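Enquirer: Take this structure, written in structure tokens, and hold onto it; I'll ask about it next.
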């Protein structure tokens, strides 16, 4: 089932072409990897899917229906949860407050409506335990967790709130090898639960380990769109690293 | 799996060792409570009669006049913003109330109601300007501060010909409004100024909002990391405008207290008070950068302010020393806060 489909989407900021003619598909139970170097347009692409920005051209379809997302709230309501690299959490706030931020469960009548704190704390603890993070104290500020753990909290949060599509913005970029492995495992776990995952990265090795589809961006345009059986890791790495440009550079350097 | 398990296990061990201490240090009020006890003991020793019920009452009253504003200002600071117009907004609120009643020869309660609307509108203006223009709140509210200062003086001179308003004490509704905003209640054999009740009430409501409601979660979030908050669906604009209107509500109560206790309002008053509110909030553990603090802390901050300002009088010292004490407290409190924050964000 195609959850999200972008066809020939473009985005301009004033006279700057941030994105031009990008197409991608996200299927349930599959991981679509978006690869690109800095400035390739990955962030712009996420922002369109997450509802932070609206696309100027092309078509965005959700469950086959044409749509334009006007706010992150709307994207969330349509089942698209985005986990940002730096933006995922509020460091000074306790883990449980972060977990439910923006979707706090409440109880009590009228003006005495309040957050269901016990439920929030218990659920946070249980959901994190399911991901293998055993927090003794969900009251600790989330800033005291490691980078990988925070990513996992954010992913667990999205899964808990019934996201159908999970957008991950370079979840492994700032992590060490071990921590990256942990995060990749949860990405795969989310996929196995039937979620569609958009995995943004500039690491072709990480992408190839879990990806089903690969979209390559370069300077705001799409330079490749492959399914897993159409491309090898070496080819992916080569295209990612600059492909033909790199060959040219090699020739040039050899001459001097 | 084993990697996470062992990583989290070692994190747990670390947590266990320091848990009780961390919990205590994690309280935003801690520094201010220690400070308050120190200041209290200090003045109990050096100032004769500081411990008498009447003196403590005076101290509490002085604290409450600051505290009523320090509560919403603290919430605003937790939400990551300043309001430099808070001090003169109190005067504006009192002036609007007084002048409307006098000029329209209306019941004073009508003036009180109009004043509430005008004051809330100014608060909403601050909030909307901030969220629309995305300029720093320092600039926006500095602008409102100057404009209100000018308007307060200008309008009062224009309408009344002097810098103070006409007396409204003989007008209809004055006694009942005075009961609500500026009376002294006798509970048992202690006389309690009603502002103290307003203050405690506001602290209780604000604490409840912060700790137990969705809005409280949003306030911490917009102050702690605005972009993250927006990304997970927190209505940032609504939260910030609401916070500024909260400050306006506090200004309305303070303004009506001013009006109904003195009957006339000096239009030049209030300048400089905005900093005192901020100082009370910061001493009470609010981070100047937002995202951290408490309403109770702001009350303790206001109490320290009240004790120091009155204690110096009871000790028969030159009141010039007051500012020195306040400055020293502020520095100590900020240093403590910075240290607490560093601990909270330590291991990434």
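Bear in mind that the values in this text are calculations on the coordinates, not laboratory data. Just so you know, these numbers come straight off a predicted model, no measurement behind them. No Cβ is skipped: glycine too gets one built from the backbone with ideal geometry, and neighbour counts run over all protein chains shown.
Enquirer: Of the conditions (1) out of contact with any helix residue (DSSP H, G or I) (no Cβ under 6 Å at 6 or more places or on another chain); (2) facing another protein chain (nearest Cβ under 9 Å); (3) part of a helix (DSSP H, G or I), residue A:157 fails just one. Which one is it?
Expert: Residue A:157 satisfies all of (1) out of contact with any helix residue (DSSP H, G or I) (no Cβ under 6 Å at 6 or more places or on another chain); (2) facing another protein chain (nearest Cβ under 9 Å); (3) part of a helix (DSSP H, G or I) except (1).
Enquirer: In addition: Does residue B:328 meet the test of being surrounded by fewer than 24 Cβ atoms within 10 Å (Cβ to Cβ), part of a helix (DSSP H, G or I) and within 14 Å of chain A (Cβ to nearest Cβ)?
Expert: Spelling it out, it is not the case that residue B:328 is surrounded by fewer than 24 Cβ atoms within 10 Å (Cβ to Cβ), part of a helix (DSSP H, G or I) and within 14 Å of chain A (Cβ to nearest Cβ).
Enquirer: Considering only region B:272-289, state which residues are within 14 Å of another protein chain (Cβ to nearest Cβ) and surrounded by fewer than 23 Cβ atoms within 10 Å (Cβ to Cβ).
Expert: B:288, B:289
Enquirer: Next up: Looking at the structure I just gave you, is residue A:179 crowded, with 24+ Cβ neighbours inside 10 Å, within 14 Å of chain B (Cβ to nearest Cβ) and farther than 14 Å from residue A:96 by Cβ? First the steps, then the outcome.
Expert: On the way: crowded, with 24+ Cβ neighbours inside 10 Å: no; within 14 Å of chain B (Cβ to nearest Cβ): yes; farther than 14 Å from residue A:96 by Cβ: yes.
The answer is no for residue A:179.
Residue-wise test of (1) over 15 Å from residue B:64 (Cβ atoms); (2) in a helix (DSSP H, G or I); (3) out of contact with any helix residue (DSSP H, G or I) (no Cβ under 8 Å at 6 or more places or on another chain); (4) more than 14 Å from chain A (Cβ to nearest Cβ).
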site: B:186; (1), (2), (3), (4): yes, no, yes, yes
site: B:196; (1), (2), (3), (4): no, yes, no, yes
site: B:204; (1), (2), (3), (4): no, yes, yes, no
site: B:221; (1), (2), (3), (4): yes, yes, no, no
site: B:242; (1), (2), (3), (4): yes, yes, no, yes
site: B:245; (1), (2), (3), (4): yes, yes, no, yes
site: B:248; (1), (2), (3), (4): yes, yes, no, yes
site: B:258; (1), (2), (3), (4): no, yes, no, yes
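Enquirer: Is it the case that residue B:208 is away from chain A (no Cβ under 14 Å), over 17 Å from residue B:64 (Cβ atoms), surrounded by fewer than 23 Cβ atoms within 10 Å (Cβ to Cβ) and without any contact (Cβ under 8 Å) to a residue 60 or more places away in the chain?
Expert: Answer is no for this residue.
Enquirer: Collect the residues in region A:66-93 that are surrounded by 15 or more Cβ atoms within 10 Å (Cβ to Cβ) and more than 19 Å from residue A:158 (Cβ to Cβ), keeping them in residue-number order.
Expert: A:67, A:92
Enquirer: Related question: Tell me which residues, restricted to region A:104-118, are outside any strand (DSSP E or B) and buried (at least 16 other Cβ atoms within 10 Å of the Cβ).
Expert: Within region A:104-118, A:104, A:116, A:117 qualify.
Enquirer: Quick check on my filter: what residues within region A:132-142 are crowded, with 20+ Cβ neighbours inside 10 Å and at the interface with chain B (Cβ under 9 Å from one of its Cβ atoms)?
Expert: Of everything in region A:132-142, those that are crowded, with 20+ Cβ neighbours inside 10 Å and at the interface with chain B (Cβ under 9 Å from one of its Cβ atoms) turn out to be A:133, A:135, A:140, A:141.
Enquirer: Being closer than 12 Å to residue A:96 by Cβ and outside any helix (DSSP H, G or I) is the filter here; which residues of region A:137-154 pass it?
Expert: Those that are closer than 12 Å to residue A:96 by Cβ and outside any helix (DSSP H, G or I): A:137, A:138, A:139, A:140, A:141.
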